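**Q** I am attaching a structure below and will ask some questions about it afterwards.
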Amino acid sequence: MPVLSAWPLAQTTYDTGESSQCAALKELLSTLDLEGVLIQADALHTTRPFFSGAWSRGADVLLTVTSNQKTLQRQIQSQFQGNRHIPFTATAQEEKHGRDTIWELRAKEAPEHIKENWPGCSWIIELTSTTVTRKGKRATRTLCFITTLRTAPEALLRLIRQRWSIENQWHWVRDTQLDEDAHRYAHRTGAPVFAFLRTVVMNLLRRGGYHSIRQGLRELAYDIKGMLPLGGVATEPITP
């Protein structure tokens, strides 16, 4: 039984299946005050009821648009083709882990036919990331977004990158290094308990200076004396 988190506010469990995850997120958000909150979610949740429903409760929404919304994706892509004037742009660059990445964001007011179908929509966004590795391998990726936000393009780019940072440093680690996706709990109490324990492990390892969770697990799995100090437990007797 997987766990769905409204990071870092709340979490709930749900049955397997995409439709169940959508229902679980709707149920989870119904327990929270969304006034002034920014909601970002996977493209799975880019639906008109979710978008307009969150906006009507006072939240701002920034969602990825992929092939799950083919018409919307095509409409957004067409707005950035050719020599059209794009009023809002921003760029950022980061060198990390042997990769040099450049982000290029372009944004504009959503046309009326998109606003009619997606109530609350203000801007549409195209984001292109180009990554070059030490060996010279180049990878380019372009994504579309729809949002209720009206803010500086630099702020939009920062928000999207922060979302990816959460994905890379939080969800990806839980799934690939702590094998969260490999578990299918049969008890609704067990799922959040084990999710909490994974959170504790990640926080303790990072507090201990391990940027790589896998490295921390490898070094401390059989070292109880190295493990205990991370939780503040003294391993040497204290003499008066």
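**Q** Just give me the residues in segment 117-132 being open to solvent by 20 Å² or more (accessible area, probe 1.4 Å) and of a type in the set (S, T, N, Q), in sequence order.
**A** Asn117, Thr128, Thr130, Thr131
**Q** From (1) touching a residue at least 40 places away in the same chain (Cβ under 8 Å); (2) out of contact with any Pro (no Cβ under 6 Å at 6 or more places or on another chain); (3) part of a strand (DSSP E or B), pick out the condition that doesn't hold for Ala107.
**A** Failing condition for Ala107: (2).
**Q** Name every residue in segment 133-169 that is in a strand (DSSP E or B), at pLDDT below 95 and surrounded by 15 or more Cβ atoms within 10 Å (Cβ to Cβ), in order of residue number.
**A** Across segment 133-169, the qualifying residue is only Leu143.
**Q** Take segment 89-137 and flag every residue that is of a type in the set (A, V, I, L, M, F, W, C) and closer than 14 Å to Ala155 by Cα.
**A** Let us first name the residues in segment 89-137 that are of a type in the set (A, V, I, L, M, F, W, C), namely 90, 92, 102-103, 105, 107, 110, 114, 118, 121, 123-125, 127, 132.
Matches in segment 89-137: Ala90, Ala92, Trp103, Leu105, Ala107, Trp123, Ile125, Leu127.
**Q** Here's a follow-up. I want to confirm something. Restricting to segment 65-88 and keeping residues that are surrounded by 14 or more Cβ atoms within 10 Å (Cβ to Cβ) and among the polar types (S, T, N, Q), which single residue is nearest to Ala152 (Cα to Cα)?
**A** If we take residues in segment 65-88 being surrounded by 14 or more Cβ atoms within 10 Å (Cβ to Cβ) and among the polar types (S, T, N, Q), then Gln79 is nearest to Ala152 (Cα to Cα).
**Q** While we're on this one: What do you reckon, is Arg174 modelled with pLDDT under 75 and either open to solvent by less than 40 Å² (accessible area, probe 1.4 Å) or among the small types (Gly, Ala, Ser) (or both)?
**A** Numbers: modelled with pLDDT under 75: yes; either open to solvent by less than 40 Å² (accessible area, probe 1.4 Å) or among the small types (Gly, Ala, Ser) (or both): yes.
Taking the combined requirement at face value, the residue satisfies it.
The values are calculated or read from the model by the stated rules, or taken from the named source; none is laboratory data. None of the values given here were measured: they were computed from a predicted structure. We place every Cβ from the backbone using ideal geometry, glycine too, and count neighbours over all the protein chains shown. To get the accessible areas, we keep the full protein, side chains included, count just its heavy atoms, and leave off ligands, DNA and RNA. Shrake-Rupley method; radii C 1.70, N 1.55, O 1.52, S 1.80 Å.
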